[in-house]
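Asker: This is the structure I have questions about; it appears just below.
Quick note: the coordinates plus some simple rules give every number you see, no bench work behind them. In this text the structure is predicted, and so the values were computed from the model without any measurement. Positions of Cβ are backbone-derived with ideal geometry, glycine not excepted, and every protein chain shown enters the neighbour counts.
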Amino acid sequence: IVEQREVGSDTFSFADSLKRCLRQDPDVIMIGEMRDLETIATAITAAETGHLVLATLHTPNAPEAVNRIVDVFPPYQQTQIKIELSSTLQGIIAQALLPKKDSQGRVPAVELLIATSAVRNLIRTGKSHQLWTTMQTGSQFGMQTMDEALKDLINRDIVSFEVAAAKARDRATFEKDFGVRP
């Protein structure tokens, strides 16, 4: 059974709806977008109580999603939130929709951060700036950086180099990897 609530017609806010749905013992909770402290805090609480929480957050990449979640809280709460997030997070998917080379629609380039023990430790200790390096070396866990996804789309001739390079984390390094000279 799927039960949906729309902000404005069924509930006052995401946070209000989340609090009410927790009383119904759901198996999975999908949050359209985590925009504010109350919604994010309630989502973390729901995850801590054993619910699978899926949510969207507008950030350019996976490490920035971690930063956005932590930074929404006041400084005196951030240490605790890092601990809670590190213990509940299962993974982060960041995507960019790119126009296909053949002009027949768009294709997602997908970055994957999996919450391994190393990732959990980096989040807990506030070293989110090291998550990108962990993703680079974490392919055996299913991790992938956006740049790796972009390179794959170029190699499979799905997107143009120019489109992919514009979305790369470090354009100069990305171009160098493909033999483009400055």
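Asker: I'm checking my understanding of the structure. Among residues of the stretch 39-53 that are of a type outside the set (Val, Ile, Thr) and surrounded by 16 or more Cβ atoms within 10 Å (Cβ to Cβ), which one is nearest to LEU89 (Cα to Cα)?
Answerer: Filtering first and then ranking leaves ALA47.
Asker: Counting only residues that are surrounded by 10 or more Cβ atoms within 10 Å (Cβ to Cβ), within 20 Å of ALA47 (Cα to Cα) and of a type outside the set (Phe, Trp, Tyr), how many does the stretch 1-27 have?
Answerer: 11
Asker: Let me ask you something else. Here are some conditions: (1) in contact with a strand residue (DSSP E or B) (Cβ under 7 Å, 6 or more places away or on another chain); (2) closer than 27 Å to ILE31 by Cα; (3) of a type outside the set (D, E, K, R). LEU150 meets all but one. Which one does it not meet?
Answerer: So LEU150 meets the others, but not (2).
Asker: Going through ALA109, ALA115 one at a time, which residue ends up being closer than 24 Å to HIS51 by Cβ and hydrophobic (A, V, I, L, M, F, W, C)?
Answerer: Result: ALA115 is the single residue among ALA109, ALA115 that is closer than 24 Å to HIS51 by Cβ and hydrophobic (A, V, I, L, M, F, W, C).
Asker: Next up: Collect the residues in the stretch 1-49 that are of a type in the set (Lys, Arg), more than 26 Å from PRO74 (Cα to Cα) and out of contact with any strand residue (DSSP E or B) (no Cβ under 9 Å at 6 or more places or on another chain), keeping them in residue-number order.
Answerer: Scanning the stretch 1-49 gives a single hit, ARG23.
Asker: Is it the case that some residue within the stretch 52-74 is within 19 Å of GLU111 (Cβ to Cβ) and of a type in the set (Ser, Thr, Tyr)?
Answerer: yes
Asker: If you don't mind, there's one more thing I want to ask. Of all residues in the stretch 58-107, how many are small (Gly, Ala, Ser), in contact (Cβ under 8 Å) with a residue 40 or more places away in the chain and outside any helix (DSSP H, G or I)?
Answerer: 2
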